[in-house]
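S.K.: One structure follows; several queries about it will come next.
The values are calculated or read from the model by the stated rules, or taken from the named source; none is laboratory data. No experiment lies behind these values; they were computed from the predicted model shown. Virtual Cβ from ideal backbone geometry, glycine too; neighbours counted across all protein chains shown.
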């Protein structure tokens, strides 16, 4: 069996609204003290910015960004932040999980552009996938990653191995690279004269809002990845709709132009939990 990328797949899953398919975990890598990358023996023909629904039988189903999909294996970089991920982190290679997808919109850019990809925390994972694809399309990439301290940085070494990619590191405590946030570093590089065509960012929403502010002031095209409570993945359940437009993020995102995100009343202010209660950022 071969996928659209020309690879022979162990298993090429049905896209979109299919029921979960059970697949095996083939590898687990520790990225930092809180994040692991799970490699699964499947492909969903995923593209940078898209997500899948990951199912643990008798536990729950949750959405996760695609960290990499080479047409043979699917990688998900996941932080241990709740009951679901606590259960996931007990899994070992050979154990099975359920997958459906891929879902959502991808990052959009033109061949040969000069791009900034800016990740906070585990947002660096899908941006590494984006950088891999962008280099193939003749783009030059400024890869900005930030974390509280050096031990929490992700994908720095992998990104440094890519041609036409320059890695910029920021840590809040100054333990590696620029002292400050990734947004501080972005402003520093732009003030130093760096010219770019487009900024793409994934990470905490307040960070993405700050990146959007920079892009707006400097008139640079920008895309953000909006994270909301997604249950179905294809616009039926209504869990991920935003105030006040009622736009379903799973269908109109998660990747979207930052001006579309800014037009939503809740962007950078609050989101809603699984029962609809407002949660301030």
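S.K.: Could you check the stretch 168-214 and list, in sequence order, the residues that are assigned to a strand (DSSP E or B), touching a helix residue (DSSP H, G or I) at 6+ places or on another chain (Cβ under 8 Å) and free of Cβ contacts under 8 Å to residues at least 40 places away in the same chain?
M.R.: Initially, the stretch 168-214 is screened for residues assigned to a strand (DSSP E or B), giving 168-171, 178-179, 198-202.
Those still in the list that are touching a helix residue (DSSP H, G or I) at 6+ places or on another chain (Cβ under 8 Å) too: 168-171, 178, 199-202.
Answer for the stretch 168-214, where residues must be assigned to a strand (DSSP E or B), touching a helix residue (DSSP H, G or I) at 6+ places or on another chain (Cβ under 8 Å) and free of Cβ contacts under 8 Å to residues at least 40 places away in the same chain: 168, 169, 170, 171, 178.
S.K.: With respect to the numbered conditions (1) over 18 Å from the mean Cα position of the chain (by Cα); (2) crowded, with 19+ Cβ neighbours inside 10 Å, which one is the sole condition not fulfilled by residue 205?
M.R.: (1)
S.K.: Moving on to the next point. Out of the residues in the stretch 73-83 meeting the condition of being crowded, with 17+ Cβ neighbours inside 10 Å and farther than 19 Å from residue 119 by Cβ, tell me which one is nearest to the chain's Cα centre (by Cα).
M.R.: Top of the filtered list is 74.
S.K.: Filter the stretch 234-257 for residues that are in contact with a strand residue (DSSP E or B) (Cβ under 9 Å, 6 or more places away or on another chain) and on the phi > 0 side of the Ramachandran plot and give the result.
M.R.: Scanning the stretch 234-257 gives 235, 238.
S.K.: Scan the stretch 73-94 and give yes if some residue there is closer than 25 Å to residue 144 by Cα, outside the structural domain of residue 254 (by TED's automatic domain parsing) and part of a loop (DSSP other than H, G, I, E, B), otherwise no.
M.R.: Yes, the stretch 73-94 has at least one match.
S.K.: Taking only the stretch 48-72 into account, find how many residues are part of a loop (DSSP other than H, G, I, E, B) and either assigned by TED's automatic domain parsing to the domain that holds residue 200 or buried (at least 19 other Cβ atoms within 10 Å of the Cβ) (or both). Spell out how you get there, then give the answer.
M.R.: First, pick out the residues of the stretch 48-72 that are part of a loop (DSSP other than H, G, I, E, B): 48-50, 57-59, 66-67, 70-72.
From the residues that got through so far, the ones that are either assigned by TED's automatic domain parsing to the domain that holds residue 200 or buried (at least 19 other Cβ atoms within 10 Å of the Cβ) (or both) too are 48-50, 66-67.
The qualifying residues number 5.
S.K.: In the stretch 245-265, what residues are part of a loop (DSSP other than H, G, I, E, B) and within 14 Å of residue 225 (Cα to Cα)?
M.R.: Narrowing the stretch 245-265 to residues part of a loop (DSSP other than H, G, I, E, B): 245-247, 253, 263-265.
253, 264, listed by residue number.
S.K.: Sticking with this structure for a sec: If I filter the stretch 267-281 down to residues being farther than 14 Å from residue 226 by Cα and in contact (Cβ under 8 Å) with a residue 40 or more places away in the chain, which single residue comes out as surrounded by the fewest Cβ atoms within 10 Å (Cβ to Cβ)?
M.R.: Filtering the stretch 267-281 for residues farther than 14 Å from residue 226 by Cα gives 273-280.
Among the residues that remain, those that are also in contact (Cβ under 8 Å) with a residue 40 or more places away in the chain are: 273-274.
On the way: 273: 10, 274: 8.
For the stretch 267-281, the residue satisfying everything is 274.
S.K.: On the basis of being touching a residue at least 24 places away in the same chain (Cβ under 8 Å) and outside any helix (DSSP H, G or I), does residue 224 make the cut?
M.R.: Details: touching a residue at least 24 places away in the same chain (Cβ under 8 Å): yes; outside any helix (DSSP H, G or I): yes.
Yes, satisfied.
S.K.: Which condition number in (1) within 20 Å of the chain's Cα centre (by Cα); (2) not in a strand (DSSP E or B) is the one that residue 119 fails?
M.R.: (2)
S.K.: Is it the case, given these coordinates, that residue 215 is touching a strand residue (DSSP E or B) at 6+ places or on another chain (Cβ under 6 Å), surrounded by 21 or more Cβ atoms within 10 Å (Cβ to Cβ), assigned by TED's automatic domain parsing to the domain that holds residue 157 and at pLDDT 95 or above?
M.R.: Details: touching a strand residue (DSSP E or B) at 6+ places or on another chain (Cβ under 6 Å): yes; surrounded by 21 or more Cβ atoms within 10 Å (Cβ to Cβ): yes; assigned by TED's automatic domain parsing to the domain that holds residue 157: yes; at pLDDT 95 or above: yes.
For residue 215, the condition - touching a strand residue (DSSP E or B) at 6+ places or on another chain (Cβ under 6 Å), surrounded by 21 or more Cβ atoms within 10 Å (Cβ to Cβ), assigned by TED's automatic domain parsing to the domain that holds residue 157 and at pLDDT 95 or above - is met.
S.K.: Sticking with this structure for a sec: I'd like the full set of residues that are surrounded by fewer than 23 Cβ atoms within 10 Å (Cβ to Cβ), part of a helix (DSSP H, G or I) and in contact with a helix residue (DSSP H, G or I) (Cβ under 8 Å, 6 or more places away or on another chain), limited to the stretch 131-155.
M.R.: Answer for the stretch 131-155, where residues must be surrounded by fewer than 23 Cβ atoms within 10 Å (Cβ to Cβ), part of a helix (DSSP H, G or I) and in contact with a helix residue (DSSP H, G or I) (Cβ under 8 Å, 6 or more places away or on another chain): just 152.
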